[in-house]
Amino acid sequence: MQAGTVISGAGHIGLIGWLLFGNLLSPPPTEVDVQPVSIISEAEFAQLQASVQAPGAATDVAVPETPDDVSDPAPNPPAETEVTPPPAAEPAPEAPAAEEAPQVPVPTPPVADVTDTPPEQPEAVPTPQEDVATLVPEDAPLRPEAPPTPRQAPRIAPEPVAPPERDLPIDVENRPEVAPSEAPAEVPLDQQKPSAQQESTTEIVTEADKPNRAPTTSKRPQLRPQQLAVAQPEPEPEPKPEPKAEPKPAAKPAEKPADKPAPKPAEKPAEDKAAIDKALQEALSGASGTGSDAPKQAPAGPPLTAGEKESLRLAVQSCWVVDPGSPAAHVTITIAFSLDRSGKVLGNTLKLVGSDGGDAGAAQSAFDAARRAVLRCQKEGYTLPVDKFDQWSDIEMTFNPEKMRNL
Amino acid sequence: MTRLTRPSTIFAALIALTTACLPGVLTAQSGPLRIEITEGVIEPLPYAIPAFVPENPAAGQLASQLSRVVADDLTGTGLFREIPTSAHIGSITSFSSPVQYADWKAINAEALITGAVAVNGDQVTVKFRLYDVFSGQELGSGLQFNGTQNGWRRMAHKVADAVYTRITSEDAYFDSRVVFVAENGPKDERRKRLAIMDYDGANVQYLTDSSSIVLAPRFSPSGDRVLYTSYESGVPRIYLLDVASVGRRVLNTGVGDMSFSPRFSPDGQTVVYSVTQGGNTDIYRMNISSGQSTRLTSAPSIETAPSFSPDGSRIVFESDRSGGQQLYIMSANGGEPERISFGEGRYGTPVWSPRGDMVAFTKQSKGRFHIGVMRTDGSGERLLTASFLDEGPTWSPNGRVIMFARETQGASGASALYSVDVTGRNLKRVPTEGGASDPAWSPLQR
């Protein structure tokens, strides 16, 4: 203990000394070039300013330069630089430039293009503004991957569905017609009336919408399910050593079970291997959640694959009806339910876990929509691997309509 | 004594620190399977509404008519899709008998509406129930309305309102009316008069004759009075009309050559309007009881079309003070306005949404007229319509639908009323006899 104090004291003294006198050892600062300046009076400054040509002079400079390339209607970046008025100039003074433009034998670019359009952008394309509706000119170039003209449809879904070839009843999936054949079959077939998915598009198309030539947003990366209001119990955090006045190296965690060895990372300097083993044992015992507040045991068996989870997600989302104009579209809702081995929802297990956003009425509406989605699309049971039943017997599903609001 | 500098001890501490995060990682896969769904579908909710059951012979025809109006109300929103009766498997023969959910599940009906009608003399009783088919339970409890035979459509609208509210958790708008300017005759000799009708175009009544031009009627918050502008005296003046008695009086706005564009405050005690005096148009407000008026703007530009926020604290209006016609918001007591529209074109006739979060407007840009909406800070502008001439938006009482006037091009062009959902979907014409313009939606009737 005394040795430690000595070491610590020496270290601190050394550090303080280095901070105080370290600069003495550092190399001298590099020399700075000094330029002589002269001070002028306000009158002299005004005189200098008066001698500088204002926007009119800049315009005179620019106009003769652009006709060099008559075939290129887009102004060259250097010309734009020269035409751009000084920062202090108001937008209004640009009018004289427009008046002088007829002297130029080429079409005069609009003033707005000269001042606002970035050099790399085509002249005819207005700069898109976020959250402001803009009309894209008819001659705007299409992106190579631009989708076809969006059409209006009564249904908006992640995947577009073409209108059915004939008038069929609407269903959540396409069903071919199954009718008894004229020849007697050994195995009787269940008759099935044909049905088709409703025609759908991927976005709301209003009357004011032109064909969508604007770049579409890229798909967001998948988010981890959010833990809402009533979340599952979190595992007990790693117990922190209690602060002690005594310089005991490691205190026992207060809530640690008695049968667990207390973390004593530095009690004995004896065997290094023992210290490593203890640390590993402590970490793994904490991870296994054997404390009093530990969550329930993890389901046995291999976890669901990403594809299996995706299959379930797709099945439910095809029945999740969102009304983007309602207050419920601002509510993220989490529900929980249990499935039987056939993949059907067990009666009365579907319940609200939590909601985020909106008032109580909106949350109720959002919950109803989520409940209908789960119940409507289960049909004869969700298709899930029976051998992994423990993994999907209990499901917590979050419905987040944020992306739907922007359609 | 502990030697803290030993590499092995430091390594052990690092392991302990690193694996401190392990519990969360390892247990993230425990418990229920967690799935997040971020994409759904936007489509009308399928529902079934078998014809209401007549509880006595006199109710036979009315029961069928009532259920049809309910279905038209719901389907007309664009949020619901009626499954035709021909596709029904089950039937409802008694209002009190239990529902066979399997029959309605089989046709993918998510909601089922059953009802019954009884007629005793002039008295009509309508009751209904709403079921969530896939949950196998009733949504809310049954409800009953009593009225007269003349008011059967209102009773149907009341039923539809209740169904709409129970499913969407929003207020509804079916039991409401619209006051508008009915138009007849060619464009250069058009006769205009005030008219009032149900929101769906039924029960039209005329409130004025066509001896003088009338413009821009606006309901009071209680729906019993209407403000409008008339050229009856030769110049535009504001009139206040009682809907029940059709009695009217001119509002003494005091100063000015012309007064027009009136609108009630949410409490119904104050009127805001525009006054033109010496070529300058400004906005005034007047207490209806005392007749005392206050000038709210004083710019040498045209300020008009004022509309109160639902809480009455602010006013949105149009002005050309910046050179072009744009939208501004100011305090209800006047003061420096804040510009909220900055897009291309001209913006006019702003109307504050009953929800308080949006402003509907008319926009003229590149030779076309649009009805659009934006947030009250000017963000999120969306154009919902586009045509030769769209103008004069008015909100449904729940802030979900916008009605407006659309005029077709040419000498024989006529004006008609249209409605569109706030999302831009479900654009449709409101049926009227002859031409119609300047609609104003009433609050929900009580």
* To do: Treat the count of other C-beta atoms within 10 Å as a stand-in for reagent exposure and order A:Cys377, A:Cys319 from fewest to most.
  => A:Cys377, A:Cys319
* Asked: In terms of modelled amide H atoms, which long-range or inter-chain residues lie less than 5 Å from the amide H of B:Ala414?
  -> B:Thr408
* Asked: Arranged from highest to lowest average of other beta-carbon atoms within 10 Å per residue, in what order do the peptides B:379-386, B:207-214 appear?
  -> B:379-386, B:207-214
* Figure the gain on full extension for B:Asn280 and B:Ser322 (residue separation times 0.36 nm, minus the Cα-Cα span) and round it to one decimal in nm. => 13.6 nm
* **By average C-beta atoms within 10 angstrom, highest first, the peptides B:249-255, B:232-238, B:349-355, B:272-278** => B:349-355, B:272-278, B:232-238, B:249-255
* Structure fact -> A correct Karplus calculation of ³J(HN,Hα) over region A:389-404, with 6.51 cos²θ - 1.76 cosθ + 1.60, θ = phi - 60°, whole Hz and x for Gly and Pro, returns 3, 4, 6, 10, 5, 10, 10, 10, 10, 9, 10, 10, x, 4, 5, 6
* Applying the Karplus parametrisation 6.51 cos²θ - 1.76 cosθ + 1.60 with θ = phi - 60° to the phi angles of region B:204-221, what ³J(HN,Hα) value in whole Hz is obtained for each residue in order, glycine and proline being reported as x? -> 6, 10, 9, 9, 9, 8, 9, 6, 9, 6, 10, 9, 6, x, 9, 6, 7, x
* For residues of B:161-174, the mean tally of beta carbons on other chains within 10 Å -> 3
* So between A:Asp359 and A:Phe21, what do we pick up on full extension, going 0.36 nm a residue minus the alpha carbon distance? -> 115.3 nm
* **Projected-area average for region B:177-441 over all orientations - Cα convex hull basis, square nanometres** => 13.0
* Could you please state, rounded to a whole Å, how far the C-alpha centre of region A:368-383 is from the C-alpha centre of region B:136-179? => 28
* To do: Using a/c under 1.5 as the rounded threshold, could you call chain B rounded, prolate or oblate? The axes a ≥ b ≥ c are square roots of the C-alpha gyration tensor eigenvalues, and prolate needs a/b larger than b/c, oblate otherwise.
  => oblate
* To do: Just tell me how shielded A:313-325 is by partners: mean number of partner chain Cβ atoms within 10 Å of each residue's Cβ, no decimals.
  => 6
* Asked: Taking the Cα-to-Cβ direction at B:Glu338 and at B:Asp188 and moving 7 Å from each Cα, how far apart do the two end points lie in nm?
  -> 4.9
* Structure fact -> GNM of chain B, Cα pairs under 10 angstrom: of B:Ser387, B:Ser309, B:Ser396, the biggest fluctuation goes to B:Ser387
* For A:368-374, what's the mean count of beta carbons from other chains sitting within 10 Å of each residue's beta carbon? -> 5
* Packing-wise, with mean Cβ within 10 Å as the measure, how do B:368-374, A:15-21, B:58-64, B:127-133 rank, highest first? -> B:368-374, B:127-133, B:58-64, A:15-21
* **Cα point-scatterer Debye curve for region A:306-405, base-10 log of I(q)/I(0) at q = 0.12, 0.13, 0.18, 0.20 Å⁻¹** => -0.38, -0.44, -0.81, -0.96
* Stretched out fully, how many nm does the piece from A:Leu346 to A:Ala306 gain, at 0.36 nm a residue minus the Cα gap? -> 12.0 nm
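Every read-out reported here was derived from the displayed coordinates using simple, explicitly stated rules and does not represent laboratory data. Being a predicted model, the structure only gives us computed values, none of them experimental. In this analysis, Cβ positions are derived from the backbone assuming ideal geometry, glycine residues included, and neighbour counts consider all displayed protein chains.
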